[in-house]
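Working notes, structure below.
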Amino acid sequence: MTYHVIVIGGSYAGMAAALQLLRARRTVLVIDAGQRRNRMAVESHGFLGQDGSDPAEIARVARSQLERYPTLTWIEGTAVAASGARDGFTVTTGDGDEHRGRRLLLALGVSDALPEVEGLAERWGRSIFHCPYCHGYELDRGDVGVIAAHPMSAHQASLLAEWGLVTLLTNGVLELDEPAETALAERGVVIERTTIGRIEGKAEVVLADGRGLEFAGLFTAPRNAPASDIAEQLGCELMDTPMGTQIRTSEAKETSIPGVFACGDAARVPHSISLAVGDGAWAGAQVHQSLVFAAAA
């Protein structure tokens, strides 16, 4: 069969988009590899109605609600290839099966390129974070460390001064000019230039000179890129942002390739569950309208 819409990626944005389409009685195929970006986190914050909930439970309940709609097909697998044009796309999954759809919606999520610091990856999403709005409050205005990853880390440190006493660990990757140092000092940010040796315990930074700095939590700003090359395969235009690379879309969430739409972390900044859900809901409605008015034309 040919689906009205194939959604690649079944996390928060993809499911929010699928819900709009299912409620418009369209046939929807969701292909999901089960790799939510926040799968390491045990609590989600800042999402109205779900503050403090387990993000895995939010996703489980959302999927169970989608499965009540008879026009949904859900495949647990990976989309490895996509080709075609508006009204005639083909998506191939890892098992070699091909699926056809009139529209594609890319809710690919992103990969996080973390700073190469021993002990960081193991604590990512648990005591090391990227979003102060999602995790800052729980640090109870304690000491906060920011591990520099690129020039935007200075902005991150300045913002985090709202949530605690901040130390910016430049770690050999960030050079600050005098105006930047002055601005940080005005925010009460301490600058630590000694490189990081490793991270231990919950959030203890051991510096190369042997000193240990205890923090209530750590933040960093990883470089992001779409978690799949499907958009590139289709020829979708990408764009650079201060946080990395994302898929360029119109206000209607359509990419540079007609009939291919994108939403969620791979197609917008900043990132959070709330923003992903809102972006997905808008994208789903726009995909539906593209079907309606194309048919009317």
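Checking the structure you have, find out if any residue of region 217-226 is under 30 Å from A81 (Cα atoms), among the basic types (K, R) and part of a strand (DSSP E or B).
Yes, that holds for at least one residue.
Quick check: anything in region 269-289 part of a helix (DSSP H, G or I), charged (D, E, K, R), at pLDDT 95 or above and closer than 25 Å to S44 by Cα?
Yes, some residue in region 269-289 is part of a helix (DSSP H, G or I), charged (D, E, K, R), at pLDDT 95 or above and closer than 25 Å to S44 by Cα.
Are any of the residues in region 193-209 farther than 23 Å from A121 by Cβ and outside the structural domain of Y137 (by TED's automatic domain parsing)?
No: zero hits.
Residues to consider are I147, I196; find the one that is modelled with pLDDT of 95 or more, under 25 Å from the mean Cα position of the chain (by Cα) and crowded, with 20+ Cβ neighbours inside 10 Å.
I147
Here are D240, D279: which of them is surrounded by fewer than 16 Cβ atoms within 10 Å (Cβ to Cβ) and either outside the structural domain of L165 (by TED's automatic domain parsing) or under 27 Å from V144 (Cα atoms) (or both)?
D240
For region 72-115, how many residues meet the condition of being crowded, with 17+ Cβ neighbours inside 10 Å, in contact with an Asp or Glu (Cβ under 6 Å, 6 or more places away or on another chain) and either part of a strand (DSSP E or B) or among the basic types (K, R) (or both)?
Final tally of qualifying residues: 2.
I'd like to check something: does region 67-81 contain any residue that is acidic (D, E) and more than 29 Å from A121 (Cα to Cα)?
yes
Could you pull out the residue among A161, A203, A216 that is small (G, A, S) and either closer than 24 Å to G264 by Cα or surrounded by 21 or more Cβ atoms within 10 Å (Cβ to Cβ) (or both)?
Just one listed residue meets the conditions, A203.
The values are calculated or read from the model by the stated rules, or taken from the named source; none is laboratory data. Given the structure is predicted, the values throughout are model-derived calculations rather than measurements. Note that each Cβ is placed from the backbone with ideal geometry, even for glycine, and that neighbours are counted across all protein chains shown.
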